[in-house]
C-alpha cells in the first residue's frame, strides 16, 4: 500500500486523504441525522402520552358534568314537587277549616 501511495505521488495522496475526509464527514452527518430522528421520535412519544392524559382528563370532566346535570334535573324535579305542595297548602289555608 505504501509503495502504491509513493508511486501515485503527492496529488494522489491528497486525493485519497480528501476522499477519506469526505467519507468521514458523510459518516458524521448520517450519525447526526439518526440522532435527530431519535430525538424527534422521543418527543413524539412524549406528546402522545400528553395527548392520552388530556383525553382521559376530558373524559373524567365530561363524566362529572353528566353527573351534575343528573343531580340538577333531580333537584329541579323535587323543587317542582315542593312548589306544587306549597300551592296546595296555600289553597287549603284559604279555604279554611
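The values are calculated or read from the model by the stated rules, or taken from the named source; none is laboratory data. Everything numeric in this text was worked out from a predicted model, so none of it was measured. As a convention, Cβ positions derive from the backbone with ideal geometry for all residues, glycine included, and neighbour counts pool all protein chains shown.
With the condition kept exactly as written, say whether any residue in segment 11-32 is over 15 Å from the mean Cα position of the chain (by Cα), modelled with pLDDT under 95 and loosely packed, with under 10 Cβ neighbours inside 10 Å. Yes: segment 11-32 contains one or more residues that are over 15 Å from the mean Cα position of the chain (by Cα), modelled with pLDDT under 95 and loosely packed, with under 10 Cβ neighbours inside 10 Å. Considering 74, 93, 87, the condition of being more than 33 Å from the chain's Cα centre (by Cα), assigned to a helix (DSSP H, G or I) and surrounded by fewer than 10 Cβ atoms within 10 Å (Cβ to Cβ) is satisfied by 93 alone.
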